[in-house]
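No value in this document is a laboratory result; all are computed from the given coordinates. Keep in mind that what you see is a predicted model, and the values were worked out from it rather than measured. In this analysis, Cβ positions are derived from the backbone assuming ideal geometry, glycine residues included, and neighbour counts consider all displayed protein chains.
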There are 2 protein chains.
Amino acid sequence: MKELTHVTGTIEADPPRAPIIAVDAMGGDHAPAAIVEGAVRAVREHGLRVVLVGRRNEVAEILAGHDALRQVPVVHAEDSLAMHEGALASWRRPRSSAAVACRLIRRGEADALVSAGSTGGIVATSTVRLRTQAGVLRPALAVPLPTGEVPTLMVDAGANADAKPEMLVQFAHLGCAYARTAFGVRQPRVGLLTIGTEPGKGNRLVRKTAELLAAEDPELLDFHGNIEGHDLLSRKVDVVVTDGHTGNVALKTVEGTAAFAMDAVRGALTSSVAARAGALLQRRALRDLRARLDSETYGGAALLGLNGTVVISHGGSGPRGIANACRLAHDLAAGGIGEQIRRRLQTRPPTWLHRLAQSEGAAPPKEPPAER
Amino acid sequence: MKELTHVTGTIEADPPRAPIIAVDAMGGDHAPAAIVEGAVRAVREHGLRVVLVGRRNEVAEILAGHDALRQVPVVHAEDSLAMHEGALASWRRPRSSAAVACRLIRRGEADALVSAGSTGGIVATSTVRLRTQAGVLRPALAVPLPTGEVPTLMVDAGANADAKPEMLVQFAHLGCAYARTAFGVRQPRVGLLTIGTEPGKGNRLVRKTAELLAAEDPELLDFHGNIEGHDLLSRKVDVVVTDGHTGNVALKTVEGTAAFAMDAVRGALTSSVAARAGALLQRRALRDLRARLDSETYGGAALLGLNGTVVISHGGSGPRGIANACRLAHDLAAGGIGEQIRRRLQTRPPTWLHRLAQSEGAAPPKEPPAER
């Protein structure tokens, strides 16, 4: 983990103080108990600055149980999003814990949101309340795939079911900014997810996107061409670009297949007396493996391209998952991911962005881009 | 396996004789040796009627090595498709072994094609040379997922990267006909692959398809709604409907993740002395598991909707994979899958088909549908 004391004003991209993480205490299958415990762990074990947002009395009681009332401040929010609530929830619940956390970020009282609430609800709430960064067409979900030491990022993992080629090019840049900020990959390799490695393979969206990606400045975007489903876990690239429909299906297919394979292994290992004896010996080795495949290890999905860092943790997250999500949110905010995204999209020749903006009836971005 | 003697003229859907399988001897990474050996196994172990298509001398020599010159006839084809050749290959190589095999089917001298050649090349060759069945918008690849005793079928697994909702509805019917013919599932449950189980989730293609599927006669098509990536291996449905882009990515993601998990398990099992001792005891249990996840077990992908049965085996298929592909081709052809597909598409109210045919400038299907 980065030492908070290293975050100083001398690094241009860094905010002047250690980022504050607003944790949605009411989102997730095990909320609020597991969320509050995770926030406490984030403070105690990782030295992060955390504020909990939720029903004050409930949250305070759990904090008291951990003897942490004075370590973690609480901001009251009377409402919360139910786990089954989707995109429309954000309009209906302006006083939800997630909406209140976004308000803290808008006001500059926090830098990041961590929630284990429903992905649809948090994506909609934060998109509406934090707004997209200038020049960003759509925010995208970036999810680390469990490939080992340095994960491969998949962008978009589900925020945009219907995407345009120009959006996918931006997703590539968002993913690169993430890989650089959170994993320290200086020149991330980018692959486009499709159904054959030769150029020209795939559906219309992919074929057009491949052309645009190949036309990017290679100094800025290291495009390695098409990749296929079996390359997702092979560390062939650092960032996998895809639309939210394909990405979400692929992500859940990875999760489902890994669970299926682990079940099958467990079944095979206990299917005979001899195998059972062996299984006893190997429990520890398998435990290590499970941890590696465990989604909690990486903290969760980041929604990139908004005015503020948003990390959406798995709905079933326990304290460890929440603590890791806080760490990821801290690393992204402290590394100045928003500023990095701004610079990446600013440096690029804005010709196609113009075209798209015009065709959608919106005003083209100003030239030269105004300093913010 | 079905006894060939049970296939008589009394079952209306069955052809009057046991189907003849034309095996492309020249397609596949291990062609022709492994292919020829597989064909010999299909004849000897499963009692199938097989004809090999390829370079006569080469094939005959391998057959002689198996002492099978008089068991398997050979039809000469001087040319063959290279493994990297894609769709255009079919126009360029009218004398390829795959093209010659299709000609046998057109002439009524064979009923099915089995090839381990490149999927793109075989899909294009057989689509051009066998033509789609009347009323079928596009042929689709159906691939069995390794879910256990009765596999779940995924349709389309890659033949149509860009699909329309009306095509996906037909893919559902093609898949049902397959599940019924090859696996004996009387009323196959159909699921639509998307990014959330609630109605209205997914991209435009999926949302429109869900409406059309829900409007089908439930007697004819048992639609169970949306399913997600992690349901692919859970046996929740018998037929998974999706476009060729999403389906191909999901299929290869299953393969890649299963391989990754098995590697990780192997690594974990041999990572300490104690674990190594256990691994020795469990070798057999793991071998069984690997066989279950092995793509060769199910024979391969079927290209449905053409005038003739086509089974495309994995490029790396060995003799067992080819023999199983022949068995699958036999079961589909003997079960009269073409006739079943014809009846399914005939029974359906043709309103949307009309609309689509008109919008594409083609003539609408005749009413009442002519007997063929």
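Sorted from shortest, what are the nm distances separating the label point of B:His76 from equivalent points in the other copies, each placed 7 Å from Cα along Cα to C-beta?
Label-point separations across copies, in nm and ascending: 9.3.
With label points built 7 Å along Cα→Cβ from the Cα atoms of A:Arg44 and B:Glu149, find their separation and express it in nm.
5.0
Any idea how far the Cα center of the range B:150-205 sits from the one of the range B:96-145, in Å?
Each part reduced to its Cα centre gives a spacing of 20 Å.
Along the Cα-to-C-beta direction of B:Met83, a point sits 7 Å from the Cα; which residues of the range B:107-123 have their amide N less than 19 Å from that point?
Residues B:114-123 fall inside that zone.
If I model a spin label as a point 7 Å beyond the Cα along the Cα-Cβ vector, how far apart are those points for A:Asp29 and B:Trp91 in nm?
In this crude spin-label approximation the distance works out to 5.3 nm.
Report the gain in length on full extension from A:Thr197 to A:Glu109: 0.36 nm times residue separation, minus Cα-Cα distance, nm rounded to one decimal.
This chain segment gains 27.0 nm when fully extended.
Where Lys and Arg each count +1 and Asp and Glu each count -1, what net charge lies around A:Ala31 among other residues with Cβ under 12 Å from its Cβ?
-3
How many Å³ per residue does the convex hull of the Cα positions in the range B:151-257 occupy?
89
Per-residue mean of other chain beta-carbon atoms within 10 angstrom of the beta-carbon, peptide A:195-203?
Mean shielding by partner chains, rounded to a whole number: 5.
Note the distances from A:Glu61 to each other copy's matching label point, with points 7 Å along the Cα-to-beta-carbon direction, in nm, sorted shortest first.
Ordered by distance, the counterparts are at 8.4 nm.
Would you mind calculating the gained length between B:Arg204 and B:Arg186 on full extension (0.36 nm times residue separation, minus the Cα-Cα distance), in nm to one decimal?
Extra length from B:Arg204 to B:Arg186 when fully extended: 3.4 nm.
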